[in-house]
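Asker: Following this message is one structure expressed as structure tokens.
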Amino acid sequence: MSSPNRGQDTRDNLVDIVKQLYPDALTRTVVVPPVHLNRVPYNTDTVPGTDQEVLVLPSSEQLQQQQGNIQADFAQQHVLHNLQQLGDSGKEVMFVVSELNFKDYLNKPFYAKHTGKLPKPATLPKELRHHGKQGDFDILVIHRQYGILIGEIKSVGKTEASRADTEVVKVIAKAVKQLDKCEVHARHMVSDIAPGLTVRKTLFLPYVSQAQLQRILDDEKNSKSQQAVCQSLGAANTAEAIQLCCCSDQLSQPVSYWHVTPAVLSQLSTWWQHRMTCAVDTRLTDQLYLDIVARFVGPATTVSVPCYNNVRVEVRTAGQAVAELGRRLALLVLTLQQLDLMSRDPPLVCITGAPGTGKTVVLVLQGLRWLRDGNDVHVISTLYDTRAVSTSITQQLGMSLSAGPTPSLTPGSVSYHRYNFWNREADVEQAVTDLLECVKNGHLHVLIDEASFDSRTKLGPRHTQLVTRLAQQVPHLYLWCAGVLNRDIPPALQTQVFTVPLRSAPAVLREIQPVIHRYPVNDYSDSGVPAPGDGLSVIRLSHHGNAHTGRWPLDCAQCGHDIAAVLRRLGVGRSVANSPSRLSYRDVFVLTRSDDLHDDVTDGAGRVTSPASGVVQGLKDAGVPVSVLGDQDLRHNRARWEGVVQDVAVAATDTVTVAGYVWVIGLERRVVAVLPGRDQYDDEGMTDEEIDLHDRLFAVSRCTTQLITVRTPPVTTTTTPSLTTTTTPTTHATT
């Protein structure tokens with residue numbers, strides 16, 4: 001016989017888990033899943049000559065066939081972002097659940113013996129079964145004070161072709177039926193613990209104005225739709241019904257949906273008050289609120305997001321969202337332009353483009369192609385700044401070759417060459433000499449990442465000299481190089497400009513784009529293909545207050561503690577039961593411009609003679625394992641520095657990497673914290689604005705998914721808003 005308290009025990013167990021997942025459930029707005037992930041219509045293809053399968057962005061014709069899904073995803077993201085901002089600004093205590101399918105409610109087999117007798121869609125009373133057992137909640141808001149709000153989102157009006165009133169009428173008629181079905185199911189699902197709970201409904205029409213909706217509902221031909229809308233929303237007349245709908249007038253502009261201005265928040269709050277705050281549901285206690293939340297987003301319910309291959313992955317928390325979106329952004333994705341370049345296979349190529357446009361990926365794939373054709377490949381690092389990315393390319397080539405199918409020819413080998421063109425001009429001649437010795441039967445295959453041909457610096461002419469000399473002396477030279485700058489590229493190289501962002505979420509790109517036009521870098525372009533997800537909002541910390549010490553965050557232990565607290569909230573380094581989506585410490589960079597970064601310096605007896613930089617010490621005190629990649633070791637212990645570079649390049653050790661960001665150019669991590677600072681060797685005469693430009697372009701761009709910035713009190717006034725008051729150089733003068 002079952003225990004009479006079994007139902008309460010089950011609820012308590014589910015609530016306990018919800019409290020662990022969302023420790024601030026009773027104090028803020030929680031969105032579940034925390035980020036909307038798009039259904040990206042990728043194609044699959046094989047890179048010529050490699051047997052390497054990749055995802056390819058669709059053509060414009062294929063995109064047209066997917067417009068329905070693309071527009072629906074955009075509308076969902078648009079509405080969710082505005083609701084998050086509304087909740088945060090108004091300090092609303094609520095859960096905003098999106099795209100929850102009825103069949104996923106309390107469907108986990110592991111909890112079946114505890115939830116078997118609870119109300120579910122399958123147990124809908126006979127008199128209500130005409131509503132159907134299948135469906136989903138576009139938006140389900142569970143509010144601590146006001147009960148439940150059910151919302152139906154319609155993207156009608158997103159394009160001019162669908163703005164006709166007749167189309168809007170059809171969509172509204174369908175949406176009202178869906179709302180009524182969702183209300184029936186929501187009431188049934190909580191009928192055992194909250195009978196008679198207040199349930200409200202609304203239509204989200206982000207691309208239809210109130211005036212257009214008014215015109216449509218007032219039209220005599222649409223009287224049935226008018227009655228249905230009023231009845232479903234509980235409105236006495238059309239004017240009241242329109243106030244209860246959330247239209248384009250209350251939401252941010254589609255072209256900048258992430259920018260919710262104070263004016264938009266005011267309009268959104270007015271709609272919210274009309275729809276929600278007419279009466280508080282006094283039956284709702286903290287316990288009942290959490291009981292309801294546990295039903296809809298607790299462990300017994302599947303909370304998943306779609307994937308491009310129709311596999312669904314569970315994503316409940318911010319950390320899981322960062323992990324899953326980061327995984328999708330790391331998929332091997334090419335544009336049609338990139339696939340065409342590799343199909344043509346020209347011998348001499350310079351790829352240029354803003355960070356995250358796939359330059360390094362194409363270099364690796366081309367190197368793999370050469371190897372599988374039986375050619376030796378020579379990866380060249382021309383300065384210390386490129387050691388990490390060159391090491392990464394070398395390692396990827398080796399692993400890809402061994403992991404792939406056995407080629408028909410004996411594959412070539414990979415060689416890694418290190419030089420320092422910045423400080424040693426003689427290294428250019430040495431590189432030419434070394435590479436000429438590697439020529440086989442007149443053939444030489446070379447890869448160079450992060451190359452710059454800018455004639456205004458001493459590095460540019462040296463790269464040009466290397467390419468020119470090799471082209472003159474090697475009969476069959478195959479040299480592909482890549483770099484961010486688009487200036488002074490030698491005519492011997494066929495220039496390919498990549499502009500489609502592939503590696504960073506739009507939320508991160510929006511921190512980079514404001515400065516691109518001030519640099520000789522090609523701006524990003526819109527391919528028309530949605531990113532896997534917009535990303536999570538930037539987390540902005542401040543180096544300010546009594547506990548903070550030092551001029552810069554690098555010197556501040558409290559900043560280390562603050563970053564560690566963010567990592568804990570994201571679940572970094574913590575295993576998540578039954579979830580493949582988790583963040584490891586190796587997924588994190590903490591980056592600074594300053595050259596003063598170092599770990600503990602010890603003498604021969606192991607005594608600390610110079611304590612670690614403040615932020616490093618703060619992270620370690622908070623229990624975060626760290627690896628430090630700074631200037632000190634390069635100047636005083638080069639072997640150790642090279643060892644750390646090797647480790648960081650392949651993320652071999654599960655530690656957070658704290659680094660001067662010049663040393664990790666070309667690498668990426670899912671979570672990146674950017675600290676302002678100044679480099680005493682390189683920054684003389686540079687304004688805060690100029691440093692901010694470098695920080696955004698070369699440090700922020702290392703982030704794929706979750707960006708953390710630290711602000712400092714300004715010392716000087718800049719003419720443009722700064723991400724921080726300082727940032728990062730493109731090259732680093734190191735002996």
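Asker: Considering only the chain, what is the antiparallel percent among its DSSP beta bridges, to the nearest 5? Spell out each step's value before the answer.
Answerer: Numbers: 23 of 83 bridges.
Approximately 30 percent, going by the DSSP bridge assignments.
Asker: What ranking do 370-380, 224-234, 194-204, 604-614 get when scored by the average of other Cβ atoms within 10 Å per residue, highest first?
Answerer: On the way: 370-380: 21.5, 224-234: 17.5, 194-204: 19.2, 604-614: 12.9.
Those peptides, ordered most packed to least, come out 370-380, 194-204, 224-234, 604-614.
Asker: For the range 40-188, state the average projected area of the convex hull of the C-alpha atoms over all orientations, rounded to one decimal in nm².
Answerer: Working: hull surface 57.7 nm².
Orientation-averaged projected area of the Cα hull: 14.4 nm².
Asker: Quick one: 3J(HN,Hα) in Hz for the range 210-221, Karplus 6.51/-1.76/1.60 with θ = phi - 60°, rounded, Gly and Pro as x.
Answerer: 4, 5, 5, 4, 4, 4, 5, 6, 7, 5, 4, 5
Asker: Taking the Cα centre of the chain as origin and charging only Cβ (+1 Lys, Arg; -1 Asp, Glu), how large is the dipole, in debye to the nearest 20? Working shown, then result.
Answerer: Details: 70 positive and 75 negative charges, 487 e Å.
Magnitude of the dipole: close to 2340 debye.
Asker: On to the next question. Which order do peptides 117-125, 615-623, 484-492 fall in by mean Cβ count within 10 Å, highest first?
Answerer: Details: 117-125: 16.0, 615-623: 20.3, 484-492: 17.6.
Per-residue mean Cβ counts within 10 Å order the peptides as 615-623, 484-492, 117-125.
Asker: Let me ask something additional. Cut-off is 10 Å between beta-carbons; in what order do ILE708, ILE148, ILE17 appear when sorted fewest neighbours first? Walk me through the numbers on the way to the answer.
Answerer: On the way: ILE708 22, ILE148 25, ILE17 15.
Least crowded to most crowded, the residues run ILE17, ILE708, ILE148.
Asker: Where the only charges are on Cβ atoms (+1 Lys, Arg; -1 Asp, Glu), what is the dipole of the range 333-498 about its Cα centre, to the nearest 20 debye? Intermediate results must be reported in sequence, preceding the final value.
Answerer: Details: 13 positive and 14 negative charges, 24 e Å.
Approximately 120 debye in magnitude.
Asker: In addition: What's the angle, to the nearest 10 degrees (0 to 90), between helix 262-275's Cα axis and the longest principal axis of the chain?
Answerer: 30
Asker: In what sequence, highest mean first, do 101-111, 443-453 appear when ranked by Cβ atoms within 10 angstrom? Before the final figure, lay out the partial values.
Answerer: Working: 101-111: 16.4, 443-453: 23.7.
Final packing ranking: 443-453, 101-111.
Asker: How would the range 504-564 be classified by its alpha-carbon gyration tensor: rounded, prolate or oblate, with rounded meaning a/c under 1.5 and the a/b versus b/c comparison settling the rest?
Answerer: Details: a/c = 4.43, a/b = 2.03, b/c = 2.18.
Taking the square roots of the gyration eigenvalues as a ≥ b ≥ c, the range 504-564 is oblate.
Asker: Count the DSSP beta bridges whose two residues both fall in the range 538-711, then state the antiparallel fraction as a percent rounded to the nearest 5. All intermediate terms of the calculation are to be shown ahead of the outcome.
Answerer: On the way: 2 of 24 bridges.
Percentage antiparallel, nearest 5: 10.
Asker: Dipole of the chain (Lys/Arg Cβ +1, Asp/Glu Cβ -1, origin at the Cα centre): which of HIS561, ILE351, THR602 lies farthest to the positive side?
Answerer: Of the listed residues, the answer is HIS561.
Asker: Still on this model: State the Kirkwood hydrodynamic radius of the range 333-498 in Å, one decimal place, computed from all pairs of distinct Cα atoms. Could you put the intermediate results ahead of the total?
Answerer: Details: mean 1/r = 0.0629 Å⁻¹.
Final number for the Kirkwood radius of the range 333-498 is 15.9 Å.
Asker: Now for a different question. Give me the log10 of I(q) over I(0) for the chain at q = 0.06 Å⁻¹, as the Debye formula computes it from C-alpha points; what are the numbers?
Answerer: Per q value, in the given order, log10 I(q)/I(0) is -0.42.
Asker: Same structure again: Per residue of the range 633-648, what does 6.51 cos²θ - 1.76 cosθ + 1.60 with θ = phi - 60° give for ³J(HN,Hα)? Whole Hz please, x for Gly and Pro, Karplus curve as stated.
Answerer: Calculated HN-Hα couplings, in order: 5, 4, 7, 10, 8, 5, 5, 5, 4, 4, x, 5, 4, 4, 5, 5 Hz.
Asker: A further question on this structure: To make sure I understand, if each residue's beta carbon is the centre and we count other beta carbons within 10 Å, what order do CYS438, CYS182, CYS703, CYS278 fall in, fewest to most?
Answerer: CYS278, CYS438, CYS182, CYS703
Asker: Continuing with this model, one more query. Determine the percent antiparallel among the DSSP beta bridges restricted to the range 333-498, to the nearest 5. Write down the numbers at each step before the final one.
Answerer: Details: 1 of 25 bridges.
Looking only at bridges with both residues in the range 333-498, the antiparallel portion is about 5 percent.
Asker: Can I ask one more? Let me see the pair-distance distribution of the range 538-711: every alpha carbon pair, 5 Å bin width, integer percents in order.
Answerer: 2, 8, 18, 22, 22, 15, 8, 3, 1, 0, 0
Asker: Hey, another quick one. For a quick check: sort GLU668, GLU642 by the number of other beta carbons within 10 angstrom, fewest at the front.
Answerer: Working: GLU668 23, GLU642 16.
Neighbour counts put them in this order, fewest first: GLU642, GLU668.
Asker: Now, a different point. Along the charge dipole of the chain, pointing to its positive end and built from +1/-1 on Cβ of Lys, Arg, Asp and Glu, which listed residue (VAL97, GLN85, VAL362) has its Cα farthest out?
Answerer: Going by the Cα projections, it comes out as VAL97.
Bear in mind that the values in this text are calculations on the coordinates, not laboratory data. All values reported here derive from a predicted model rather than from experimental measurement. Note that each Cβ is placed from the backbone with ideal geometry, even for glycine, and that neighbours are counted across all protein chains shown.
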